[in-house]
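Each remark here refers to the structure printed beneath this line.
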Amino acid sequence: MVLSAPRRYRVTDTMSGDEIDLPAARLEAILGIEIGYIDWCLACDGIFANGRWRVTVAP
C-alpha cells in the first residue's frame, strides 16, 4: 500500500496577487466552501475561482 501526501492547494488572492499553499482543512476555513466542491471544480475545469480567490492544486 502506497500512502500519498495530503493534497495541498495554491490559493491566489485576486486583489493583491499574493499566493499561498494550504492544506484542505485550512482552505475550507478561509473560503467557507466545502473541499468536495472545490475538488469537483478542479476536476472539471482545473481551477476554482470566485471574485476574490483563485484555487489550483499546488505543484
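The values are calculated or read from the model by the stated rules, or taken from the named source; none is laboratory data. For clarity, every value in this text was computed on a predicted model and none was experimentally measured. Every residue, glycine as well, gets a Cβ built from its backbone with ideal geometry; the counts of neighbours run over all protein chains shown. Remember, those area values only see protein heavy atoms, side chains included, never the ligands or the DNA or RNA. Shrake-Rupley method; radii C 1.70, N 1.55, O 1.52, S 1.80 Å.
Find the residue count for the range 35-51, including only residues that are surrounded by 12 or more Cβ atoms within 10 Å (Cβ to Cβ) and of a type outside the set (A, V, I, L, M, F, W, C).
Qualifying residue count, the range 35-51: 2.
Looking only at the range 5-40, count every residue that is touching a helix residue (DSSP H, G or I) at 6+ places or on another chain (Cβ under 6 Å) and closer than 13 Å to residue 53 by Cα and tell me the total.
Going through the range 5-40 one residue at a time, the tally reaches 2.
Tell me, please, whether a residue that is of a type in the set (Val, Ile, Thr), open to solvent by 70 Å² or more (accessible area, probe 1.4 Å) and under 11 Å from the mean Cα position of the chain (by Cα) can be found in the range 7-23.
Checking the range 7-23: at least one residue is of a type in the set (Val, Ile, Thr), open to solvent by 70 Å² or more (accessible area, probe 1.4 Å) and under 11 Å from the mean Cα position of the chain (by Cα).
Considering only the range 9-16, I want to know if a residue exists there that is at pLDDT below 95 and small (Gly, Ala, Ser).
The answer is no, given that none of the residues of the range 9-16 is at pLDDT below 95 and small (Gly, Ala, Ser).
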